[in-house]
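Report on the structure given below.
The values are calculated or read from the model by the stated rules, or taken from the named source; none is laboratory data. The model shown is predicted, which means the values in this text are computed figures rather than measured ones. So basically every Cβ, Gly included, is an ideal-geometry build from the backbone, and we count neighbours across all protein chains shown. These area figures cover heavy atoms from the full protein model, side chains too; ligands, DNA and RNA do not enter into them. Shrake-Rupley method; radii C 1.70, N 1.55, O 1.52, S 1.80 Å.
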Amino acid sequence: MPNKPKKIALIPGDGIGKEVIPIAFEVVKKATTLELKAQNFALGSERYLQTGELFPEAEKKALQDFDAVFLGALGDPRVKPGILERGILLTLRFEFDQYANLRPLKLYRKDLTPLKNAAAIDVMFFRENTEDLYIGAGGVLKKGTADEVALQELVQTRKGVERIIRYAFEWAKSKGRQKVTLIDKCNVLTYAHDLWQRVFWEVASEYSSLEKDHLLVDAAAMKMVLAPESLDVVVTTNMFGDILTDLGAAICGGLGLAASGNINPEGLSMFEPVHGSAPDIAGKNIANPLATVLAGAMMLEHLGDNRGACKIEEAVVWVLEHKKVTPELGGMLSSTEVGEALLAYLEGKV
Ligand code: NAD
Ligand code: IPM
Ligand code: MN
């Protein structure tokens, strides 16, 4: 009996998201043997500016029926920061309880890193994705006065911390990795990150085959530049994970290559590039689609097609090797031409 088609919700969103999603989805379709049924969700700035709608309930409900979400980016200079990001992107991560944000840092070619004498970089970041400063609790007092007070709450729960730490250890074990490193700021955040400390070492004691390590986030930032090869699997908080994975992208060739998966192991997961809507280059057909393409590979692996995921990675390695890339990587191709090069490789036409 043929397998049931996989339903993919496409949310291109804003800016370069609208350019890279169609390109990357063509590549995903070409690489996989799965039957994919895609439906477009027009969420983002255009809709918001025209109708005032951000993320209607009917669409949230409709998404429950999908096997995965493939998302571009949210954010538009015409809209106050936070409205689209919180109203759509964070709402997706939170409402679908996508608590594990997987962000691989992989140096595909030595010449892509700005670091001198870089060794191999192959790190998997597990960023907690539903708590911390991101929950949106807080407020302002005496707004607009000289005595104004702004509060933004950092919230961590035992359950939330434990599940991401356990997920990172389970992943590390299943992939035969060596070491799991916790990155936090327990020397200052003596309540919230003391919870991370206690839970990390408790869970760690169940994984005798893995090495465990701890870094304070400031030292970790330095280490990512000076000795990134010393990291293997990292588990960290929502905010630190956000910042450190942009740094991680920079040492591995830039945001044009950094992919991510927002995973709910029992529910709807979402795959997207790490980068944003890049208004500075939007509409020019020069955005690098490879980050989104690699997010597509993560999506295929999640849907059970490891072979398709590997084929996409091979195709990406091939375009990088042959300099069939966009200008920010020193190439001469447009976004769509990179997509065509990937398709040609996958069709065996090169
Ligand atoms: P950004 O990631 O959009 O861009 C940062 C820089 O990297 C820009 O110079 C951009 O041109 C470049 N860049 C990013 N992706 C690229 C690609 N694929 N190819 C080539 N160059 C690329 O970050 P920003 O400028 O700080 O944010 C712009 C908007 O995107 C904001 O509204 C922000 O809130 C939003 N944002 C959304 C997401 C998301 O949806 N996941 C992530 C980050 C930022
Ligand atoms: C990311 C982005 C988002 C985040 C923003 C746009 C809400 O920076 O996916 O890294 O901070 O998580
Ligand atoms: Mn970010």
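Can you spot a residue in region 107-125 that is within 16 Å of ligand 2 (Cβ to nearest atom), of a type outside the set (Lys, Arg) and more than 27 Å from Val293 (Cβ to Cβ)? Within region 107-125 (the criterion being within 16 Å of ligand 2 (Cβ to nearest atom), of a type outside the set (Lys, Arg) and more than 27 Å from Val293 (Cβ to Cβ)), the answer is no, since none of the residues qualifies. Does Lys37 satisfy the criteria of being away from ligand 1 (no atom under 14 Å from the Cβ), over 20 Å from Met270 (Cβ atoms) and basic (Lys, Arg)? Considered against the rule, which asks whether it is away from ligand 1 (no atom under 14 Å from the Cβ), over 20 Å from Met270 (Cβ atoms) and basic (Lys, Arg), Lys37 comes out as no. Of all the numbered requirements in (1) within 22 Å of the chain's Cα centre (by Cα); (2) charged (D, E, K, R); (3) surrounded by fewer than 21 Cβ atoms within 10 Å (Cβ to Cβ); (4) outside any helix (DSSP H, G or I), Arg163 misses one, and that requirement is (4). Scanning region 323-350 for residues that are assigned to a loop (DSSP other than H, G, I, E, B), surrounded by fewer than 18 Cβ atoms within 10 Å (Cβ to Cβ) and β-branched (Val, Ile, Thr) turns up just one, Val350.
Give region 235-248 a look and list any residue that's within 13 Å of ligand 1 (Cβ to nearest atom), touching a residue at least 40 places away in the same chain (Cβ under 8 Å) and surrounded by fewer than 22 Cβ atoms within 10 Å (Cβ to Cβ), or say none. Listed by number, the list holds a single entry, Asp242.
Among the residues of region 296-315, is any within 16 Å of ligand 3 (Cβ to nearest atom), on the phi > 0 side of the Ramachandran plot, surrounded by fewer than 23 Cβ atoms within 10 Å (Cβ to Cβ) and not β-branched (Val, Ile, Thr)? Within region 296-315, not a single residue is within 16 Å of ligand 3 (Cβ to nearest atom), on the phi > 0 side of the Ramachandran plot, surrounded by fewer than 23 Cβ atoms within 10 Å (Cβ to Cβ) and not β-branched (Val, Ile, Thr).
Among residues of region 94-122 that are over 24 Å from Thr237 (Cβ atoms) and of a type in the set (S, T, N, Q), those with a beta-carbon under 6 Å from a residue that is at pLDDT 95 or above and surrounded by 18 or more Cβ atoms within 10 Å (Cβ to Cβ) at least six positions away or on a different chain give the pairs Thr113/Leu107; Thr113/Ile251.
Here Lys284 passes the criteria (1) within 12 Å of ligand 1 (Cβ to nearest atom); (2) in contact with a Leu (Cβ under 8 Å, 6 or more places away or on another chain); (3) among the basic types (Lys, Arg) except the one numbered (2). For beta carbons closer than 7 Å, sequence separation of 6+ or different chains, a first residue in region 171-189 that is assigned to a helix (DSSP H, G or I) and a second that is open to solvent by 40 Å² or more (accessible area, probe 1.4 Å), the qualifying pairs are Lys173/Ser209. Listed conditions (1) closer than 23 Å to Asp246 by Cβ; (2) open to solvent by 10 Å² or more (accessible area, probe 1.4 Å); (3) of a type outside the set (D, E, K, R) are all met by Trp318, apart from (1).
Please indicate, with yes or no, whether at least one residue in region 136-147 is away from ligand 1 (no atom under 16 Å from the Cβ), hydroxyl-bearing (Ser, Thr, Tyr) and over 28 Å from Met224 (Cβ atoms). So that I can check it myself, show each step before the final result.
Taking region 136-147 as the starting set, the residues that turn out to be away from ligand 1 (no atom under 16 Å from the Cβ) are 137-147.
So of that shortlist, the ones also hydroxyl-bearing (Ser, Thr, Tyr) come out as 145.
When the remaining residues are screened for being over 28 Å from Met224 (Cβ atoms), the result is 145.
Yes, the conditions are met somewhere in region 136-147.
Of Gly276, Gly261, which residue is closer than 17 Å to Lys106 by Cα and surrounded by 15 or more Cβ atoms within 10 Å (Cβ to Cβ)? None of the other options fit; the residue is Gly261.
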